[in-house]
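So the structure is just underneath, and the comments pick up after that.
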Amino acid sequence: MRATTDWREKYKALEAEYEKLLAENKTLKEELESLREQLQKTKKPERPAASEAPSTLEEAPAPITTTEELRETLKRLVTKIAMILQAEKCVIKLYDKETGELVAQPPAFGMTDEEVRMYRTRATQGISGEAFMSGQPIVVNDALSDPRTTKEFVGLLGIRNSLTVPLIVERRDEDGRVIDRISVGVLKVFNKRYGGKFTDEDVRLAIVLARSAASVIAQAKLYLEALEEKRQLEATLESMLVGVLAVNNRGRITVLNHVARQLLEIPPDNSVGADYKEVIKDDRVRELITKTLESGEELVEELAFNVGENERYFQVQTAPITGDNNEIIGEVTILSDITELKRLDQMKTDFVSHVSHELRTPLTSIKGFVATLLADTEGYYDLETRREFLQIIDQECDRLTRLINDLLNLSRIESGRALELILKPVNVVDVARKIIEIQKNYTSKHQFVLDVQGEVPTIIADEDKVDQILTNLISNAVKYSPNGGEVRVTIKEDPETGGVLTAVKDQGLGIPKDVLPRLFQRFYRVEGRKISGTGLGLYLTKHLVEAHGGKIWVESEEGKGSTFYFTLPPAPPQKEE
Ligand code: ADP
């Protein structure tokens, strides 16, 4: 009894299998039939109508939108082609513009992914290259002895014979005339089953199959490339430091990067596609967008935004996007951070007023003393007083000269000209001693200390420039200690370079921590101090030190005083030609 049941079940299973095979056979037959029909048509001399139905090999009309779908499509394609042509293997190789190679695309039929990965040849070499370049199919009956085959792959893939057809995409005009034929790669089938050879009929079939395959792949590739481009564009937009926002003429946001999103406080979800009037809460920006969309005008405005705790300035620019017939199809808004520019601008404005002040003060003083002396025809002032007046005039002239030198140096640096160094042996201690003597004339509130530690080496430097560096630092030490105190200049050998390390220390106002990084910027002045100056001294000093290959830095505590350090190497570095 049992045995009979077993047989019945087996019979049923076999019957089902047979049905399945019959059905598969039917589909294959139908496909073959339709391909034959197509083949017949292509043999006809008249060209096919442009609106002709797609071939059976063309997949469902839905476009391929992911790499996964492309893989699936390829798999179906190569399997079908291999079955129709009765080949053991089938693979599609596509031309890679960047490397100039024909690269096998996974998945292939009858080949492992690893074999596919290795299978790439130059687009000018071998059978694939010949078919690709000439646009003609090639049959190889004995791969091993054929001189044109690439033996490396004949061995690797166990190839006996092959059929290679170019994959050609045709572009047609509206009337269906071919206007362009582009080779995108080759279709390869290997090893005719049952010990056979590829026939002329196979070649014709393969050409039709290749044509369908080429158009499917080309479309998919184009789509995926466009997708990749879009992804890259989005990544670029996201990494931009300016805010970008685009709105179409129906008021929907089409582009929005994270800077714009943050600035306009737009929630991260569902903002693209949303109505800008609903999601942009900032009236000023919304109005600019509306105006541009309505009038097509390009608008620019400088607006202040609160970013975290700070107020930052942005230039908000709106411009229309126009279509083919000049109609407005949308607008784009660019938000660029101009806080730094504005600050620099303000600093420049302040600078001009500081310079005017710095010029006028000594001039007023000179004019005053000269007028007094000229008016004294009677000899009212004694010789000593006159000498005192003349000394003040002399010092004020020096102050003017220094200011004008600073301005000249600034313009030299700004125009990119290097500071020219006139080199000779310099003893920094001697220079410091001379400057301290001069500075003593300007103040009675400060005590100067020159602290020379150990042997200080003589260096090769520009003495005038070393003079300017020390003058700037020591006069600042005096100027920013309005209540007096000690100004200590310490000089010693720099253990790191074998040059000279100098420190200028005062007991004055000190510098707030948060502005320390900006101290050496041009025009920068600590706000709220009623002490005149231009904001140029430290900027120029840094240039002078660095022109010698040295370094400058500062340590300071507000209210306690500051120490400016600078090093000068034994000699400036050789300039590269
Ligand atoms: P200026 O003295 O003409 O303003 P500087 O470039 O020499 O320009 O200095 C920049 C700013 O640094 C000054 O405005 C001042 O506030 C601060 N500064 C410089 N030296 C000292 C110092 N020794 N102590 C305190 N503040 C200083």
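Among the residues of region 184-214, those that are more than 54 Å from the chain's Cα centre (by Cα) and touching a residue at least 60 places away in the same chain (Cβ under 8 Å) comprise Arg193, Tyr194, Gly196.
Taking each residue of region 274-298 that is β-branched (Val, Ile, Thr) and at pLDDT 95 or above and looking for partners that are part of a helix (DSSP H, G or I) and surrounded by 12 or more Cβ atoms within 10 Å (Cβ to Cβ) with beta-carbon atoms closer than 7 Å, six or more apart or interchain, yields Ile289/Tyr276. Does any residue of region 308-326 turn out to be in contact (Cβ under 8 Å) with a residue 24 or more places away in the chain, part of a loop (DSSP other than H, G, I, E, B) and over 21 Å from Glu234 (Cβ atoms)? Scanning region 308-326 turns up no residue that is in contact (Cβ under 8 Å) with a residue 24 or more places away in the chain, part of a loop (DSSP other than H, G, I, E, B) and over 21 Å from Glu234 (Cβ atoms). When region 444-489 is filtered for residues that are within 16 Å of the ligand (Cβ to nearest atom) and hydroxyl-bearing (Ser, Thr, Tyr), the ones remaining, listed by number, are Thr471, Ser475, Tyr480, Ser481.
Applying the set (1) touching a Lys or Arg at 6+ places or on another chain (Cβ under 8 Å); (2) surrounded by 16 or more Cβ atoms within 10 Å (Cβ to Cβ) to Gln315 leaves exactly one unmet item: (1). Does Val255 qualify as being under 15 Å from Val285 (Cα atoms) and within 25 Å of the chain's Cα centre (by Cα)? Here the answer is no, as Val255 does not meet what is asked.
Conditions tested, residue by residue: (1) within 30 Å of Ile460 (Cβ to Cβ); (2) among the hydroxyl-bearing types (Ser, Thr, Tyr); (3) more than 41 Å from the chain's Cα centre (by Cα).
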site	(1), (2), (3)
Arg488	yes, no, yes
Lys492	yes, no, yes
Glu496	yes, no, no
Arg525	no, no, no
Ile531	no, no, yes
Tyr539	yes, yes, no
Leu544	yes, no, no
Glu555	yes, no, no
Pro570	yes, no, no
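The residues of region 120-142 that are without any contact (Cβ under 8 Å) to a residue 60 or more places away in the chain, touching a helix residue (DSSP H, G or I) at 6+ places or on another chain (Cβ under 9 Å) and in a loop (DSSP other than H, G, I, E, B), listed by number, are Ala123, Thr124, Gln136. Would you check if Pro517 is surrounded by fewer than 18 Cβ atoms within 10 Å (Cβ to Cβ) and farther than 22 Å from Lys348 by Cβ? Taking the combined requirement at face value, the residue does not satisfy it. Annotation note: of Thr567, Thr563, the sole residue that is among the polar types (S, T, N, Q), surrounded by 14 or more Cβ atoms within 10 Å (Cβ to Cβ) and within 9 Å of the ligand (Cβ to nearest atom) is Thr563.
Selection over region 87-119 of residues that are surrounded by fewer than 16 Cβ atoms within 10 Å (Cβ to Cβ) and either more than 39 Å from the chain's Cα centre (by Cα) or not in a helix (DSSP H, G or I) (or both) gives a count of 6.
With respect to Thr541, determine if the residue is among the polar types (S, T, N, Q), more than 12 Å from the ligand (Cβ to nearest atom), under 28 Å from Arg417 (Cα atoms) and crowded, with 22+ Cβ neighbours inside 10 Å. Steps first, please.
Details: among the polar types (S, T, N, Q): yes; more than 12 Å from the ligand (Cβ to nearest atom): no; under 28 Å from Arg417 (Cα atoms): yes; crowded, with 22+ Cβ neighbours inside 10 Å: yes.
Criteria not met by Thr541.
For region 503-538, enumerate the residues that are among the hydrophobic types (A, V, I, L, M, F, W, C), part of a helix (DSSP H, G or I), within 9 Å of the ligand (Cβ to nearest atom) and in contact (Cβ under 8 Å) with a residue 40 or more places away in the chain. Explain how you work it out, then say what you get.
Pass one, region 503-538, residues among the hydrophobic types (A, V, I, L, M, F, W, C): 503-504, 509, 511, 515-516, 519-520, 523, 526, 531, 536, 538.
Now narrow it down to the ones that are part of a helix (DSSP H, G or I): 515-516, 538.
Imposing the further condition that a residue be within 9 Å of the ligand (Cβ to nearest atom) reduces the set to 515, 538.
The answer is Leu538, and nothing else.
The single condition from (1) crowded, with 21+ Cβ neighbours inside 10 Å; (2) modelled with pLDDT of 90 or more; (3) in contact with a strand residue (DSSP E or B) (Cβ under 7 Å, 6 or more places away or on another chain) that Leu264 fails is (3). The residue pairs whose first member lies in region 469-492 and is within 17 Å of Asn427 (Cα to Cα), whose second member is of a type in the set (Asp, Glu), and whose beta carbons are closer than 7 Å, counting only pairs six or more residues apart or on different chains, are Val489/Asp451; Thr490/Asp451.
Counting only strands (runs of 3 or more DSSP E) wholly contained in region 368-485, the ones carrying 3 or more residues that are surrounded by fewer than 13 Cβ atoms within 10 Å (Cβ to Cβ) and at pLDDT 95 or above occupy 446-453.
Out of Arg8, Arg71, one residue alone is modelled with pLDDT of 60 or more and under 30 Å from Arg231 (Cβ atoms). It is Arg71. Of all residues in region 544-557, exactly one satisfies the criterion of being among the β-branched types (Val, Ile, Thr), part of a strand (DSSP E or B) and either more than 9 Å from the ligand (Cβ to nearest atom) or under 20 Å from Arg402 (Cα atoms) (or both), namely Ile552.
If you scan region 267-312, which residues turn out to be polar (S, T, N, Q) and surrounded by 14 or more Cβ atoms within 10 Å (Cβ to Cβ)? Answer for region 267-312, where residues must be polar (S, T, N, Q) and surrounded by 14 or more Cβ atoms within 10 Å (Cβ to Cβ): Ser271, Thr290, Thr292. Taking the criterion of being within 16 Å of the ligand (Cβ to nearest atom), of a type outside the set (A, V, I, L, M) and out of contact with any Phe, Trp or Tyr (no Cβ under 9 Å at 6 or more places or on another chain), the residues of region 347-387 that qualify are Thr349, Ser353, Ser356, His357, Glu358, Arg360, Thr361, Pro362. Considered as a group, the residues in region 323-362 that are over 30 Å from Arg312 (Cα atoms) and surrounded by 13 or more Cβ atoms within 10 Å (Cβ to Cβ) include one that is nearest to the chain's Cα centre (by Cα), and that residue is Ile329. Among residues that are within 30 Å of Leu536 (Cα to Cα), over 30 Å from the mean Cα position of the chain (by Cα) and not hydrophobic (A, V, I, L, M, F, W, C), Ser365 is included.
The values are calculated or read from the model by the stated rules, or taken from the named source; none is laboratory data. Everything numeric in this text was worked out from a predicted model, so none of it was measured. Note that each Cβ is placed from the backbone with ideal geometry, even for glycine, and that neighbours are counted across all protein chains shown.
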